[in-house]
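S.K.: After the structure tokens below, expect a handful of questions from me.
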Protein chains: 2
Amino acid sequence: MPHRYFTRELADGQAALTGSDAHHLANVMRARAGEEVVLCGPDGLEYTGTVTAIQPGRVEFSVSEGAPSKAEPDMAVTLFVGYPKQGKLDEIIRHSVELGVHEIIPFFSRYCVAAPKKEDAKNERYNRIAAEAAKQAGRAQIPHVAMPLENFDAVCRALSAYDKSLFFYEGGGSPLRELLTPGCAQRLALVTGSEGGFSTEEAAAAAEAGAMTVGLGPRILRCETAPLAALTAAMLLTGNLE
Amino acid sequence: MPHRYFTRELADGQAALTGSDAHHLANVMRARAGEEVVLCGPDGLEYTGTVTAIQPGRVEFSVSEGAPSKAEPDMAVTLFVGYPKQGKLDEIIRHSVELGVHEIIPFFSRYCVAAPKKEDAKNERYNRIAAEAAKQAGRAQIPHVAMPLENFDAVCRALSAYDKSLFFYEGGGSPLRELLTPGCAQRLALVTGSEGGFSTEEAAAAAEAGAMTVGLGPRILRCETAPLAALTAAMLLTGNLE
């Protein structure tokens with residue numbers, strides 16, 4: 001399997017890698033002109049790149065037609081995740097990227113134990129974690145981790161941009177198996193809570209905003225387990241886990 | 001919701017809590033005679049226990065008829081999990097217990113990076129983690145973590161005890177959606193690998209032992225993510241996640 005690299009510098013049949021990726025390809029992999037790698041472009045497509053020039057800190061390519069990656073789901077799933085305590089968001093990001101998430105949007109809500117603190121720096125870190133996980137998982141897109149929304153109203157307003165929104169709430173609602181089918185949504189939003197869960201007002205607001213209330217069964221899932229179960233279920237039922 | 005306690009001392013309409021549970025109920029919760037709690041018996045059933053006597057280090061109850069817990073799946077899922085590096089098994093156990101696993105059986109296989117070391121002591125610790133997770137998740141049964149099997153042949157021999165066995169293998173096989181339906185198995189085995197994955201010989205041996213080879217999609221899941229996705233999928237498709 002040829003090596004895979006993400007690049008933002010790809011247009012008009014040409015592409016380049018710089019920085020640590022160029023170093024890796026030129027000095028570690030000892031690539032030569034004419035060799036092929038897989039390049040994942042900023043458009044989320046996969047390209048076959050043929051090395052045309054190797055310079056210090058820069059490798060250039062001619063590229064083929066782009067094609068959708070088989071590793072990418074056929075829908076874009078956004079995970080709205082209640083901001084958890086301590087380092088739990090790191091692991092939620094890693095797992096979610098592997099499971100095929102498109103974007104992760106943390107939010108603060110009434111019963112969040114975590115409070116906003118140095119979120120600019122944290123967000124840079126979260127996006128580095130997402131990029132690293134995307135490479136390891138063989139993704140063709142690097143999922144974006146958004147800056148946290150400051151309250152649940154902002155989550156509810158954001159839901160209008162999705163074909164379908166599922167609000168995961170203790171006590172449940174419709175069985176997931178009946179709500180999701182292959183091709184049922186282009187843009188799907190999943191909303192899971194932090195340690196403290198949701199207030200009844202927040203649950204009502206989510207329903208008012210058009211989200212379907214759904215449960216994840218009779219066992220109590222921790223806030224770091226629920227998003228993984230939700231994502232797995234969404235991918236499985238839409239045919240994106242096979 | 002009344003408090004829940006696990007007890008092994010429950011028979012003939014009577015039960016008792018001792019040790020830290022008795023302390024918690026008597027001194028922290030300040031229970032009095034006549035109060036009710038939920039007792040989870042060694043048979044996996046739930047009982048309503050009415051306090052009859054409080055002594056130092058011991059609380060006694062009269063108990064109702066036992067009933068199956070709504071928190072327990074209608075099938076017993078055993079997770080055979082390739083022994084991972086570092087502390088990853090701790091987190092796999094926690095997640096799996098929340099998701100409804102019945103038993104966890106770690107195993108060593110050809111490409112395992114971890115090697116057996118002080119497994120007796122570790123096993124005690126793993127079972128404490130499982131018990132703690134079962135309480136937090138509202139389970140009525142404490143899933144057992146077995147001592148690790150020493151090679152993959154032992155896994156294959158063990159599979160004969162299950163109605164259905166799924167071997168999760170990179171490169172996949174049948175879509176899971178077509179293999180699992182409500183009521184399809186009383187005893188289901190899921191087999192996932194360690195960081196190193198499986199050898200082709202191991203994959204062939206699993207198939208020979210009657211396991212169905214299945215995939216978890218085109219993205220590469222880490223060895224700590226695959227069992228969670230597998231368990232979620234199994235619970236979802238059999239109606240045990242609603």
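S.K.: For chain B, find the longest principal axis of its Cα atoms and tell me its angle to the long axis of helix B:119-137, 0 to 90°, nearest 10.
M.R.: The angle comes out near 60 degrees.
S.K.: As a test of reading the structure, rank B:PHE6, B:PHE80 by solvent-accessible area (1.4 Å probe, protein chains only), most first.
M.R.: Putting B:PHE6, B:PHE80 in descending order of accessible area: B:PHE6, B:PHE80.
S.K.: Once the label point is set 7 Å along the Cα-to-beta-carbon vector, what list of distances in nm do you get between B:VAL113 and its counterparts in the other copies?
M.R.: Those label-point separations list as 3.0 nm.
S.K.: Let me ask something additional. In peptide A:230-237, what is the residue-averaged number of other protein chain Cβ atoms found within 10 Å of each Cβ?
M.R.: Per residue, the number of nearby Cβ atoms from other chains is 6 on average.
S.K.: Still on this structure, I have one more. What angle, in degrees between 0 and 90 and rounded to the nearest 10, separates the Cα long axis of helix B:88-99 from the longest principal axis of the Cα atoms of chain B?
M.R.: Helix B:88-99 and the main axis of chain B meet at about 60 degrees.
S.K.: To the nearest whole number, what is the average tally of beta carbon atoms from other chains within 10 Å of the beta carbons of peptide A:134-144?
M.R.: Mean shielding by partner chains, rounded to a whole number: 2.
S.K.: How big is the Rg/Rh ratio for the range A:130-217, C-alpha atoms only, Rh by Kirkwood, two decimals?
M.R.: That ratio is 1.00, to two decimals.
S.K.: Report the semi-axes of the equivalent ellipsoid for the protein assembly as shown in whole Å, largest first, where each axis is √(5λ) for an eigenvalue λ of the Cα gyration tensor.
M.R.: Equivalent ellipsoid semi-axes, largest first: 43, 28, 20 Å.
S.K.: Under a 5 Å amide H to amide H cut-off, with H placed in plane at 1.01 Å, what residues pair with B:GLY82 once short-range neighbours are removed?
M.R.: B:PHE107, B:THR192, B:GLY193, B:SER194
S.K.: Quick one: putting +1 on the C-beta of Lys and Arg, -1 on the C-beta of Asp and Glu, what dipole do you get for the range A:131-196 around its Cα centre, in Debye to the nearest 20?
M.R.: Using Cβ point charges on Lys, Arg, Asp and Glu, the range A:131-196 gives about 340 debye.
S.K.: Continuing with the same structure: May I ask which residue of B:ALA211, B:SER69, B:THR232 lies farthest towards the positive end of the charge dipole of chain B, with charges of +1 (Lys, Arg) and -1 (Asp, Glu) on Cβ and the Cα centre as origin?
M.R.: The one lying farthest along the dipole's positive direction is B:THR232.
S.K.: Let me ask another. For an R0 of 22 angstrom, estimate the FRET efficiency from the Cβ-Cβ distance between B:GLU208 and B:SER174 and round to the nearest 0.05.
M.R.: FRET efficiency, B:GLU208 to B:SER174: 0.85.
S.K.: Let me ask you something else. For the range B:4-68, I need the span (max minus min coordinate) of the C-alpha atoms along each principal axis, in Å, sorted largest to smallest.
M.R.: 29, 20, 17
S.K.: Can you list the residues, at least 5 places off or on another chain, whose amide H is less than 5 Å from the amide H of A:GLU9, using H built in the peptide plane?
M.R.: The list, which skips near neighbours in sequence, is A:ALA16.
S.K.: Let me ask you something else. Tell me which B residue has its C-beta closest to the axis rotating B onto A, and the distance in Å?
M.R.: B:THR232, 2
S.K.: In debye to the nearest 20, how big a dipole does chain B give about its Cα centre with +1 on each Lys and Arg Cβ and -1 on each Asp and Glu Cβ?
M.R.: The dipole of chain B has a size of about 580 debye.
S.K.: Separate question: May I ask you to evaluate 6.51 cos²θ - 1.76 cosθ + 1.60, the Karplus curve with θ = phi - 60°, for each residue of the range B:145-162 and list the ³J(HN,Hα) values in order in whole Hz, giving x for glycine and proline?
M.R.: Going residue by residue, I get 9, 7, 5, x, 6, 8, 7, 6, 4, 5, 4, 4, 5, 5, 5, 5, 7, 10 Hz, with x marking Gly and Pro.
S.K.: Here is a follow-up. Average partner chain C-beta neighbours within 10 Å, per residue of B:211-219?
M.R.: Mean partner shielding for this stretch: 6.
S.K.: Where does the protein assembly as shown land at 222 nm, in deg cm²/dmol rounded to the nearest 500, when only DSSP H runs of n ≥ 4 count, each adding -39500 (n - 2.57), divided by all residues?
M.R.: Rounded to the nearest 500, the figure is -8000 deg cm²/dmol.
S.K.: Taking all protein chains in place and a 1.4 Å probe, what share, in percent, of the accessible surface of the range A:76-237 do carbon and sulfur account for?
M.R.: Carbon plus sulfur share of accessible area: 49 percent.
S.K.: Check which residues have an amide H placed less than 5 Å from B:ASN151's amide H, if you skip close sequence neighbours.
M.R.: B:PHE108
S.K.: Also, quick follow-up: Could you run the Karplus curve 6.51 cos²θ - 1.76 cosθ + 1.60 with θ = phi - 60° over the range B:201-209 and give me ³J(HN,Hα) per residue in whole Hz, x for Gly and Pro?
M.R.: Each residue of the range B:201-209 in turn: 5, 5, 4, 5, 5, 5, 5, 4, 7 Hz.
S.K.: Would you mind listing how long the range A:76-237 runs along its three principal axes, going by Cα atoms, in whole Å with the largest first?
M.R.: Ordered largest first, the range A:76-237 gives principal extents of 36, 35, 30 Å.
S.K.: Next up: Semi-axes, largest first, in whole Å: what does sqrt of 5 times each Cα gyration tensor eigenvalue give for the range B:175-219?
M.R.: 21, 14, 10
S.K.: Now a separate question. Stokes-Einstein diffusion coefficient for the range B:127-181 at 10 °C in a medium of 1.306 mPa s, Rh from the Kirkwood formula over Cα pairs: what value in µm²/s?
M.R.: Answer, rounded: 111 µm²/s.
S.K.: Quick one: what are the phi-derived ³J(HN,Hα) couplings along the range B:13-18, Karplus 6.51/-1.76/1.60 with θ = phi - 60°, whole Hz, x for glycine and proline?
M.R.: So the J values, rounded to whole Hz, are x, 10, 8, 8, 10, 10.
S.K.: Now for a different question. Nearest 100 Å², what total accessible surface is buried between chain A and chain B (probe 1.4 Å)?
M.R.: Buried surface at the A/B interface: approximately 3200 Å².
S.K.: Size of the dipole of the protein assembly as shown about the Cα centre, Lys and Arg at +1 and Asp and Glu at -1 on the beta carbon, nothing else charged, in debye to 20?
M.R.: Using Cβ point charges on Lys, Arg, Asp and Glu, the protein assembly as shown gives about 920 debye.
S.K.: Report, in whole Å, the centroid distance computed from the Cα atoms of the range A:206-241 and the range B:42-102.
M.R.: Result: 23 Å between the Cα centres.
The values are calculated or read from the model by the stated rules, or taken from the named source; none is laboratory data. Predicted model only: the values in this text are computed from it and were never measured. A quick note on method: Cβ atoms are made from the backbone with ideal geometry, for glycine too, and the neighbour counts reach across all protein chains shown. Ligands, DNA and RNA are excluded from the accessible area calculation, which covers all protein heavy atoms including side chains. Shrake-Rupley method; radii C 1.70, N 1.55, O 1.52, S 1.80 Å.
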